[in-house]
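Asker: Please read through the structure below; I'll follow up with questions.
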Amino acid sequence: MSRVRHCPRDPIGLSVESAAAFIGVSPELFQRAVDDGSMPVPRKLGGRLIWDAEEIAEALRRLPRKAVKESRESNDNGRWKKLQL
C-alpha cells in the first residue's frame with residue numbers, strides 16, 4: 001500500500017477549490033474569472049486540471065484596485081488624510 005507523502009513546502013499546483021481558496025473566493029467565482037481571462041487557465045496532468053499558484057498570485061496582482069475617496073479630515077493637524085472606502 002502506498003503512503004501519501006507530505007511536501008514540506010506549500011503546493012504550487014492547485015485544484016480549482018484550492019485555487020479559489022488561495023485568493024479568497026468561491027470555486028464558481030474563480031471559474032468565471034478563468035473564463036473571462038482575469039485568472040490563468042489550468043495545466044492538464046492526466047485527467048486533472050491544476051493551476052499554478054504563482055500564476056494565480058500574479059493574476060491577482062494585475063486586477064484593478066477598488067477606488068478610494070480621499071477626505072480632508074485629519075486627527076493630526078492635517079498631516080494624515082483619512083481614506084474612506
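Read the figures in this text as sums done on the coordinates, not as results from a lab. Owing to the predicted nature of the structure, the values given are computational and were not obtained by experimental measurement. Here Cβ is always computed from backbone atoms with ideal geometry, including for glycine, and neighbour counts include all displayed protein chains.
Asker: Using Cβ counts within 10 Å as a stand-in for footprinting exposure, how do LEU14, LEU60 rank, fewest first?
Answerer: Going from sparsest to densest Cβ surroundings: LEU60, LEU14.
Asker: Test of understanding: ordering ILE56, ILE23 by Cβ neighbours within 10 Å, fewest first, what list do you get?
Answerer: ILE23, ILE56
Asker: Also: Length gain on complete extension for the stretch ILE12 to GLU28, per 0.36 nm per residue less the alpha carbon to alpha carbon distance?
Answerer: 3.7 nm
Asker: A further question on this structure: Sort all Cα-Cα distances of the range 1-54 into consecutive 5 angstrom bins from zero, then give the percent of pairs in each bin up to the one containing the longest distance.
Answerer: Distribution as computed: 5, 19, 26, 24, 14, 7, 4, 2, 0 percent.
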